[in-house]
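Student: What follows is a single structure, and I will ask about it in a moment.
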Amino acid sequence: MVDHFGADGITVETVTMNEDGSVTPTGETTTLAADSVVMAVGQHSDLSLLATIPDVTVQKNDTVAVDATTLMTGAPGIFAGGDCIGGARTMTTATGHGKRAAHAIHAYLKGEAYVHPESHPVVSFDMLHLPDYRDAPRSRQPERTLTDRAGFEEVTGGLTERQARYEAGRCLSCGNCFECDNCFAACPEQAITRLGRGKGYEVSMDLCTGCALCAAQCPCHAIDMQPEPPDDHAATGNLGEPIAPASFKVRA
């Protein structure tokens, strides 16, 4: 956080990040040599309109009080996010607030209470089946030469629409099914059924033998094999090993 700017340079104060996203000054400062400073993180909001609405609370630090889960203010049906509720005051934080508020607004309009779904387990890099992906190097954005960087024009030229779509296609989709049909094609028992574009697949547990070929063929580890609970009445072999799931059926 910038504490002072003058002819002797810029004094920056170290802050700590609180759980709610707000910051607390520590009193520890560092002086850096600088002849100009561009303030580009966070803005103060004009809250004069919200201050006139009953049940909307504008706090002493010029931020709006909201529910931590739904981002709804004290006035039913009015939501807030981004810089006007404080916190990190960054673009990524504001984008996250927008997504969270959209879920809450959708539930509110349906007369329901929004409940955030449980997060999926993290799929690490070593859990992916990368041989199933082709090499796709990152696109390079054109940059202005140092001699051309005299004004406030963008330094990087960005991407064309074709390049942007290519970059989106480079996503490895870690842990998230993108309907590549590998599992559908690999299942020897035809236990997997397509549900239609955007709807994923359905696995018939009566037909599945637990061979795990689908999981082995899934490039992004969207399939996780889980052991079946023990069944005292399941058919076993000479060594006591299960020879088939208790509910296993043969496709007619």
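Student: Around R144, what is the net charge, scoring Lys/Arg as +1 and Asp/Glu as -1 over all other residues with Cβ under 12 Å from its Cβ?
Tutor: -3
Student: Taking the chain as the reference, fit the longest principal axis to its C-alpha atoms, fit the long axis of helix 91-109 to the helix C-alpha atoms, and give the angle between the two in degrees, 0 to 90, nearest 10.
Tutor: 60
Student: Rounding to the nearest 20 debye, state how big the charge dipole of region 50-109 is about its Cα centre with +1 on each Lys and Arg Cβ and -1 on each Asp and Glu Cβ.
Tutor: 160
Student: Could you tell me which of P131, Y114, T145 has its Cα farthest along the dipole of region 1-147 towards the positive end, charges placed at Cβ (Lys, Arg +1; Asp, Glu -1), taken about the Cα centre?
Tutor: So the residue we want is P131.
Student: Can you find, among V64, A75, A104, the residue farthest towards the positive end of the dipole of region 50-109? Put +1 on the C-beta of Lys and Arg, -1 on that of Asp and Glu.
Tutor: Ranked along the dipole, the leading option is A104.
Student: Where does each of 199-209, 28-38 land if you order them by average Cβ count within 10 Å, highest first?
Tutor: The peptides rank, most packed first, as 199-209, 28-38.
Student: With point charges of +1 on the Cβ of Lys and Arg and -1 on the Cβ of Asp and Glu, referenced to the Cα centre of the chain, which listed residue (G198, N176, H221) lies farthest in the positive direction of the dipole?
Tutor: G198
Student: Would you pull out the residues with amide H under 5 Å of A222's amide H, same chain only if 5 or more places away, H placed 1.01 Å from N?
Tutor: G175
Student: Just for the Cα atoms in region 50-109, what are the lengths along the principal axes, largest first, rounded to whole Å?
Tutor: The principal-axis extents, from largest down, are 28, 27, 15 Å.
Student: Return the sequence-ordered ³J(HN,Hα) values of region 61-66 in whole Hz as given by the Karplus equation 6.51 cos²θ - 1.76 cosθ + 1.60 applied to θ = phi - 60°, using x for Gly and Pro.
Tutor: 9, 6, 10, 8, 6, 9
FYI, it's all coordinate maths here, none of it is from the lab. Since we're looking at a predicted model, the values are computed, not measured. All Cβ positions, glycine included, derive from the backbone under ideal geometry; neighbour counts span all protein chains shown.
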